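Visitor: Questions regarding the structure given below will be posed in turn.
The values are calculated or read from the model by the stated rules, or taken from the named source; none is laboratory data. Nothing here was measured: the structure is a model prediction, and the numbers come from that model. Cβ sites come from the backbone with ideal geometry, for glycine too, and all protein chains shown count toward neighbours. Heavy atoms of the whole protein, side chains included, go into the accessibility calculation; ligands, DNA and RNA do not. Shrake-Rupley method; radii C 1.70, N 1.55, O 1.52, S 1.80 Å.
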Amino acid sequence: MNEPASPALASSTAIEDAAVLIRKAERAVVLTGAGISTPSGIPDFRSEGTGLWSGDEPMEVASLSTFRTAPERFFNWFQPLASQIFNAQPNAAHLALAEFERSGHLRTVITQNIDVLHQKAGSKHVVEMHGTLRTLTCTNCFKQFESSSFLGPYIETGKIPRCLNCNGILKPDVILFGEQLPQSAWYEAQRAARHCDLMIVAGSSLEVLPVAGLPMQALDRGAHLIIINNTPTYLNVRADVIIMDDVAITLPEIAKRVFHG
Ligand SMILES: [Zn+2]
């Protein structure tokens, strides 16, 4: 090419490069974080300036110890977030990933999100590292319930959801600060990361351990790495393709190239 490279040109080259890697991959895995859900209107509650941060700090109020000692504080804080998640719809990035899976270009979605938007978009093989808002478990008798019939009334009234069996407090099956990651999900994610030939990081700044270490496990075994995120990550230096942009714009563009050349 004789023309000087412009930012737009560089970006379209990166999209083409990403599409080539996805077409060639046989065992691609994607790791998604809060950045894939913000275009669906779900704030990243770990980030400052989202509104949820002001007042009670999430690390304190969304912790296991607060849940145990003062559950009403947790449920008060969680109410607006639960409402946003309950009403959110998958965006073009979620849909592009579901399409990749349907067409055999993607094996596994590993997500740090609890919002179930990948499944709503049609993804089947989703490993939820930080749990899920899809179900609630009784803290007393451990019976598990689908969230659907509990979330609506809780969001409307703010009342703590109670077990139909024993009236115990129902805890959303999300991993709170100070709580262990679900072991089976962690093993499954590690297995996927170690066996993939392409890891795509989509909307994660790779700041929350141990999940942020998964792409490193993939790289160490020779996998390619694509990073699509608004801000730089610690692994940008090792990525084959870096796209610093909104995933809801970028992933559908990549999908177009993968499916239509
Ligand atoms: Zn119960």
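Visitor: Look at segment 127-163 and say how many of its residues are away from the ligand (no atom under 14 Å from the Cβ), closer than 17 Å to Q79 by Cα and open to solvent by 30 Å² or more (accessible area, probe 1.4 Å).
Guide: Going through segment 127-163 one residue at a time, the tally reaches 8.
Visitor: Another question about this same structure. Are there any pairs, at least 6 apart or on different chains, whose C-beta atoms fall under 8 Å, with the first in segment 164-193 and surrounded by 16 or more Cβ atoms within 10 Å (Cβ to Cβ) and the second of a type in the set (K, R) and not in a strand (DSSP E or B), and if so, which?
Guide: From residues that are surrounded by 16 or more Cβ atoms within 10 Å (Cβ to Cβ), the pairs are A192/R107.
Visitor: Just to be sure before I move on: is G213 open to solvent by less than 40 Å² (accessible area, probe 1.4 Å), over 25 Å from P90 (Cα atoms) and within 16 Å of the ligand (Cβ to nearest atom) in the structure I sent?
Guide: Against the criterion (open to solvent by less than 40 Å² (accessible area, probe 1.4 Å), over 25 Å from P90 (Cα atoms) and within 16 Å of the ligand (Cβ to nearest atom)), G213 does not qualify.
Visitor: Now, a different point. Determine whether L225 is in contact with an Asp or Glu (Cβ under 8 Å, 6 or more places away or on another chain) and either open to solvent by less than 10 Å² (accessible area, probe 1.4 Å) or free of Cβ contacts under 8 Å to residues at least 12 places away in the same chain (or both).
Guide: Yes: the conditions hold for L225.
Visitor: Could you list, in sequence order, all residues of segment 225-247 that are within 17 Å of the chain's Cα centre (by Cα) and under 14 Å from L198 (Cβ atoms)?
Guide: Correct list: I226, I227, I228.
Visitor: Could you check how many residues of segment 187-205 are closer than 16 Å to V109 by Cβ and under 14 Å from the mean Cα position of the chain (by Cα)?
Guide: 6
Visitor: List the pairs whose first member sits in segment 3-20 and is modelled with pLDDT under 95, whose second member is open to solvent by less than 60 Å² (accessible area, probe 1.4 Å), and whose Cβ atoms are under 8 Å apart, counting only residues at least 6 apart or on separate chains?
Guide: The qualifying pairs are E3/L9; S11/I243.
Visitor: Those residues that are open to solvent by 10 Å² or more (accessible area, probe 1.4 Å) and among the hydrophobic types (A, V, I, L, M, F, W, C), I need them from segment 107-120; list them, please.
Guide: Hits for segment 107-120 are I114, V116.
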